[in-house]
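What follows is calculated from the coordinates using simple rules that are stated; it is not laboratory data. Since we're looking at a predicted model, the values are computed, not measured. Positions of Cβ are generated from backbone atoms using ideal geometry, with glycine treated the same way; all protein chains shown enter the neighbour counts.
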Amino acid sequence: MPERERKQKPAPREREETVEEVSAPAKQGEKIKEELDDLLDEIDSVLETNAEEFVRSYVQKGGE
Amino acid sequence: MALPKIIGVETEYGVVLRGAPDPNPVLASSVLINAFVDRRKVGWDFDDEHPGHDARGFAREGAQPPDIETHLVNAVLTNGARYYVDHAHPEYSAPECSDALQCTMYDKAGERILARSMAAARNLIPQGQEVVTYKNNSDGKGNSYGCHENYLVDRATPFGSLVRHMTPFFVTRQIFCGAGKVGSENGAQRCDFQISQRADFFEEEVGLETTLKRPIINTRDEPHADPQKYRRLHVIVGDANLCEVSTFLKVGTTAIVLNMIEDDFFDREFVLTGPVPAMRSVSHDPTLRTVLGLADGTSATALELQWEYFRLARKYADERGHDASGGEAVGELVLTQWERVLTALESDPRQLDGVLDWVTKYQLLRNYVERDGLEWSDAKLALLDIQYHDVRPDKSIYEKLVRAGKIERLLDEDEVVVAMVEPPPTTRAYFRGKLLEKWPDSVVAANWDSVILDTGSDPLRRIPMMEPLRGTKIHTEALFRDCSTPRQLVEQLSS
């Protein structure tokens, strides 16, 4: 799961007070992104292995 | 007064026989049904099938009931459903339901029945092979299979009124009941992603066909009920849905609009200048900004037209109540959900991730595009599109999202499991299902509007069920309790 290793954004050093203000929502955003990554990884783990071959061979007869 | 809307949804599933040297979809479908119906099968009675009868008043020559081969695998289930092979697909026709929520439940029960069938089929096919089904409507290569809805409509309602008011409704309702699709097909303009699975396949405004030159309004006139009193509107424009809110709104809003037509409640009509191209242009625009031309020279977006239908439906419910729309609780839930999704679609459709199928699928695919840097033509996205609809619980992307808590549900799963075997108590499906449960060996054949019983002495007895609201639990519970043989039941019925 290579996508799990996320690069840490360099934290801005100056203007402490604005950092204070954005840190809570930013943290929440990080958490959401992390959860989403986990979900996509989990979906990847059940996906059919050869996408191209699978899609090519999925042929149905018309119905109704 | 509008008739209470009896609703039935029939779904053809995509089917694949994996690991077989020469995969035959008819065989694969048969295996599924045989695997599920472990007891003696009860056959379907084709005597009353007339798919060539046209609502415009004529019968097409040469139209026949389904191919003879399908007679081999055609089962009636104790929940009142019909489970059979149609063309080259397993089809689950849910029992007749009396409200949109019940209908959503029996549609979901169908998915569970298919899942159980696939598991049971493993014992019937060679090792290394697997039957897999998909609740979608297209293979992405120009082949489509349907999810049809059926609504009981008053015979006295002019068919022309149905065509006039339902056409713009069907063209625009896809914005909440589309199942989403990567790319386009059947000669439609190229696109990355579209709202509906089926929109590319509609080529006519009105007609009898269902397999080619598909019409927005299908004229099949086969009421499966008293033909003097009833019509069955056979709706073929819809997608098969997995999200319960999508299914619920698809049938719930359509039932209310039909009631307004029966009660002549429309104070204006919205005539699209080109309904067939509009089907596609609405589907091809997930931003919902496409403007549709109207015959009076004005124009409107699909969302604006849906707001018009909603406002009228709100007024209709306030003045006439919900008696014909499945009762107060369900009718109000339809209106609440309808208003809520239109509001969200207007401000930001992403709010409906986990609520509507097309939004959920689109959001998932966009997340992949962003994370993995994929082009929209990447096979992985097409795979995700198909596998979203995989019916196997461990492979279905939709079910994965349910387990992750990402999907808003309307149903109680315990009740869905019960609906796999118990019929809806409020329609004639109850009588059909309970007969099968109680005396499976005496039910020789059944169809929507009759059952044939072998009471142990000649001749076979046919019990007509021409009234969809007769044969309910209230009507027949005591009968089933008091009769110990089918012969007694027939005697009681004829006395």
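Using the Cα atoms of chain B to build a convex hull, what is its mean projected area in square nanometres?
On the way: hull surface 95.0 nm².
The Cα convex hull of chain B, projected and averaged over all directions, gives 23.8 nm².
Can you tell me how the stretch B:330-436 classifies by the Cα gyration tensor, rounded, prolate or oblate, using a/c under 1.5 as the rounded cut? Spell out each step's value before the answer.
On the way: a/c = 3.04, a/b = 1.59, b/c = 1.90.
Oblate.
Just to check I understand the Karplus step: with θ = phi - 60° and J = 6.51 cos²θ - 1.76 cosθ + 1.60, what whole-Hz values come out for the stretch B:394-408, glycine and proline as x?
Whole-Hz 3J(HN,Hα) from phi for the stretch B:394-408: 7, 10, 5, 5, 4, 5, 4, 5, 4, 5, 7, x, 8, 10, 7.
Within a 10 angstrom radius of each residue's Cβ in A:37-43, how many Cβ atoms of other chains show up on average? Whole number is fine. Mind showing how you got there, number by number?
Details: counts 2, 1, 6, 6, 1, 3, 10.
Counting Cβ atoms of other protein chains within 10 Å of each residue's Cβ and averaging gives 4.
First select every other residue whose beta carbon is under 12 angstrom from the beta carbon of residue B:188; then total the charges, Lys and Arg +1, Asp and Glu -1. Could you put the intermediate results ahead of the total?
Values: positive: B:181, B:190, B:198, B:280; negative: B:185, B:200, B:203.
Charge balance in the 12 Å sphere: +1.
Across the stretch B:194-210, in residue order, what do the Karplus-derived ³J(HN,Hα) couplings come to in whole Hz, using 6.51 cos²θ - 1.76 cosθ + 1.60 with θ = phi - 60° and x for Gly and Pro?
Residue by residue, the stretch B:194-210 yields 10, 6, 10, 6, 9, 4, 4, 9, 9, 10, 9, 7, 9, x, 8, 5, 10 Hz.
Calculate the FRET efficiency for residue A:36 and residue B:479 from the Cβ-Cβ distance with a Förster distance of 51 Å, rounded to the nearest 0.05.
On the way: r = 56 Å, r/R0 = 1.09.
After rounding, the FRET efficiency stands at 0.35.
Report the net charge of residues surrounding residue B:12, where surrounding means a beta-carbon distance below 11 angstrom and charges are Lys +1, Arg +1, Asp -1, Glu -1. List each step's numbers first, then the result.
Working: positive: A:61, B:135; negative: A:64, B:10, B:86, B:91.
It works out to a net charge of -2.
Taking a ≥ b ≥ c as the square roots of the Cα gyration tensor eigenvalues, with a/c under 1.5 meaning rounded and otherwise prolate when a/b beats b/c, else oblate, which class fits the stretch B:194-285? Show your work: numbers first, answer last.
Working: a/c = 1.38, a/b = 1.31, b/c = 1.05.
Because its axes are fairly even, with a/c under 1.5, the stretch B:194-285 counts as rounded.
By how many nm would the segment from residue B:458 to residue B:204 grow when fully extended, if each residue of separation counts as 0.36 nm and the alpha-carbon distance is taken off? Kindly include the intermediate steps, with their values, before the conclusion.
Numbers: separation 254, 0.36 × 254 = 91.44 nm, distance 4.93 nm.
That works out to 86.5 nm of additional length.
For the stretch B:149-176 and the stretch B:247-321, compute the distance between their C-alpha centroids and round to whole Å.
Between the Cα centre of the stretch B:149-176 and that of the stretch B:247-321, the gap is 10 Å.
Kindly identify the stretch B:239-322 as rounded, prolate or oblate by the Cα gyration tensor criterion: order the square roots of the eigenvalues as a ≥ b ≥ c, call it rounded if a/c is under 1.5, otherwise compare a/b with b/c, prolate if a/b is larger, else oblate. List each step's numbers first, then the result.
Details: a/c = 2.19, a/b = 1.20, b/c = 1.83.
Note, shape of the stretch B:239-322 comes out oblate.
How far apart, in nm, are the 7 Å Cα→Cβ label points at residue B:370 and residue B:395?
Inter-label distance under the simple model: 3.0 nm.
Longer than 28 Å from Cα to Cα, which of B:181/B:229; B:400/B:438; A:61/B:380; B:135/B:229; A:61/B:5; B:108/B:406 are they? Say none if no pair is. Write out the running numbers ahead of the final one.
Working: B:181/B:229 39 Å; B:400/B:438 37 Å; A:61/B:380 23 Å; B:135/B:229 34 Å; A:61/B:5 32 Å; B:108/B:406 18 Å.
B:181/B:229; B:400/B:438; B:135/B:229; A:61/B:5, as the Cα separations exceed 28 Å there.
Provide the per-residue ³J(HN,Hα) series for the stretch A:35-48, in order, calculated from phi with Karplus coefficients 6.51, -1.76, 1.60 and θ = phi - 60°, each as a whole number of Hz, with x at glycine and proline positions.
Running phi through 6.51 cos²θ - 1.76 cosθ + 1.60 with θ = phi - 60° gives 4, 5, 4, 4, 5, 5, 4, 5, 5, 3, 6, 9, 5, 3 Hz.
Kindly state, to the nearest 0.05, the FRET efficiency for residue A:49 paired with residue B:351, given R0 = 60 Å and r defined as their beta-carbon distance.
On the way: r = 34 Å, r/R0 = 0.57.
Once the sixth-power term is evaluated, E becomes 0.95.
When we measure straight from the Cα of residue B:141, which aspartates and glutamates land under 16 angstrom away, once same-chain ones fewer than 8 places off are left out?
A:52, A:53, B:185, B:192, B:200, B:378, B:385
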